[in-house]
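Participant: Dropping the structure in here first, questions after.
Coordinate-derived values only; no laboratory data. Quantities reported herein were computed from a predicted structural model and do not represent experimental measurements. Positions of Cβ are generated from backbone atoms using ideal geometry, with glycine treated the same way; all protein chains shown enter the neighbour counts.
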């Protein structure tokens, strides 16, 4: 029996976009603005859904790894922006544990709060911070199904030593979601159970 080789590839335009980003990543607002712009580019390039994420070293202000939503083009429901960013970061850092000894306290910045699946990946990845732009309710407002998350998810992450910030560049991130659906973007998981 033969099974296909599974590859999730970040679109070619992402590297050039990252290289062209001139504002730097010294502040949480700059990191969030970058991720929101990355989500807009994913929509503009028609390479996936209206979501992006990135892993940063916030103390040094360095981008470690970008990720964009690739669910439809990869035919993989797990190819959410957070998962892609974490996978790329783990490959770059050479470890499955982004919280391993000797590594900086890395931060995941997401254009929208993580869905139920991505929420589970956050503590397992080893990141020490999570920054969310739009809220899950903003994604649900355009028809996306975010899954069932426990009401105390923020406290649960913080109890694991993962600091959480919400609503950074929320208006801009929500506008990308609204623009996506207004432009006829595919709501690929809108069954809501």
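Participant: In a GNM of the chain with a 10 Å cut-off on Cα contacts, which of 99, 152, 48 has the highest mean-square fluctuation?
Facilitator: With Cα springs under 10 Å in the chain, the top fluctuation among 99, 152, 48 is at 152.
Participant: Sequence gap at least 6, Cα distance under 8 Å: using those rules, report the relative contact order of the chain to the nearest whole percent.
Facilitator: Relative contact order, the chain: 19 percent.
Participant: Please work out, to two decimal places, the log10 of the ratio I(q)/I(0) at q = 0.20 Å⁻¹ from a Debye calculation in which every Cα of region 1-107 carries one identical scatterer.
Facilitator: Result of the Debye calculation: -1.04.
Participant: Please compute the volume of the convex hull spanned by the alpha-carbon atoms of the chain and report it per residue in Å³.
Facilitator: In the chain, the Cα hull volume divided by residue count equals 132 Å³.
Participant: For region 17-47 and region 136-154, write down the distance between their C-alpha centroids in whole Å.
Facilitator: 23 Å
Participant: When DSSP assigns beta bridges and you keep just the ones with both residues in the chain, what percent turn out antiparallel, to the nearest 5?
Facilitator: In the chain, DSSP labels about 55 percent of beta bridges as antiparallel.
Participant: Whole number please: convex hull volume per residue of the Cα set in region 80-158, in Å³? Please list the in-between numbers first.
Facilitator: On the way: hull volume 6.6 nm³, N = 79.
Output value, Cα hull per residue: 84 Å³.
Participant: If each of residue 96 and residue 21 carries a label point 7 Å out from its Cα toward its Cβ, how far apart are those two points in nm?
Facilitator: 2.8 nm
Participant: Please report 88, 127 as a ranked list, fewest other C-beta atoms within 10 angstrom at the top and most at the bottom.
Facilitator: 88, 127
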